[in-house]
1. Of all residues in the range 66-77 being more than 17 Å from Phe124 (Cβ to Cβ) and out of contact with any helix residue (DSSP H, G or I) (no Cβ under 9 Å at 6 or more places or on another chain), which is modelled with the lowest pLDDT?
2. Could you please let me know if Pro62 is modelled with pLDDT under 90, under 30 Å from Arg24 (Cα atoms) and touching a strand residue (DSSP E or B) at 6+ places or on another chain (Cβ under 9 Å)?
3. Could you say whether any residue in the range 93-103 is free of Cβ contacts under 8 Å to residues at least 24 places away in the same chain, surrounded by fewer than 12 Cβ atoms within 10 Å (Cβ to Cβ), more than 19 Å from the chain's Cα centre (by Cα) and in a helix (DSSP H, G or I)?
4. Residue under question is Ile53, and the condition is that it be over 14 Å from the mean Cα position of the chain (by Cα) and either in a loop (DSSP other than H, G, I, E, B) or acidic (Asp, Glu) (or both); does it hold?
5. Considering only residues that are closer than 13 Å to Leu72 by Cα, of a type in the set (Phe, Trp, Tyr) and touching a residue at least 60 places away in the same chain (Cβ under 8 Å), which ones fall in the range 104-144?
6. Of the residues that make up the range 76-84, is at least one assigned to a strand (DSSP E or B) and of a type outside the set (Asp, Glu)?
7. Mind listing whichever residues of the range 62-75 are surrounded by fewer than 14 Cβ atoms within 10 Å (Cβ to Cβ) and not in a loop (DSSP other than H, G, I, E, B)?
8. (1) within 29 Å of Gln20 (Cβ to Cβ); (2) touching a residue at least 24 places away in the same chain (Cβ under 8 Å); (3) among the β-branched types (Val, Ile, Thr): which one isn't true of Thr147, the others all being true?
Amino acid sequence: MGLPENDIDDLDRKIILELQEDARKLYKDIAKRLKVSEGTVRNRVGRLIDSGILVLQARVNPFVLPHKISALVGVRITGTEHQETMERIAKIPCVTSIWNATGRYDLFFELMVDSLDDLNDVLFYQVLSKIRGVSYTETFVTLSSKTKFYKLT
């Protein structure tokens with residue numbers, strides 16, 4: 001009996017770890033290191049991508065780019081439009097990720113902007129204030145990170 005479609009086994013995990021080290025690593029090199037065929041690696045990666053378990057993306061380090069500001073925003077939502085509010089926030093061009101959460105905030109999103117003026121526009125003047133259901137936000141500007149990379153917006 002195999003694994004459920006959306007699960008990983010030890011080989012999948014090892015392949016993912018290899019790709020996390022270098023997403024450009026050749027399948028033949030991964031296969032050699034893990035002592036499996038290149039076709040096995042290719043098929044496994046394809047299955048992991050198709051099932052939504054693995055995403056291979058180019059991300060940037062905002063802390064080495066001049067004039068980039070990244071932030072994490074906690075959001076409290078009122079009413080019953082939770083999913084709609086989340087979808088509207090996700091469509092904001094500078095938003096790089098969004099997720100539901102437990103605790104004092106209903107959701108969090110990350111964003112990357114070019115200036116504090118842009119951050120103010122998103123949070124207070126142009127964007128977020130026009131989304132129904134947002135009752136309270138708290139913003140955490142990211143000062144540095146060795147491990148966090150963002151989608152370029």
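The values are calculated or read from the model by the stated rules, or taken from the named source; none is laboratory data. Quantities reported herein were computed from a predicted structural model and do not represent experimental measurements. For neighbour counting, all protein chains shown are included, and Cβ atoms are generated from backbone atoms with ideal geometry for every residue, glycine included.
1. Pro66
2. yes
3. no
4. no
5. Answer for the range 104-144, where residues must be closer than 13 Å to Leu72 by Cα, of a type in the set (Phe, Trp, Tyr) and touching a residue at least 60 places away in the same chain (Cβ under 8 Å): just Phe140.
6. Scanning the range 76-84 turns up at least one residue that is assigned to a strand (DSSP E or B) and of a type outside the set (Asp, Glu).
7. none
8. It fails just one condition, (2).
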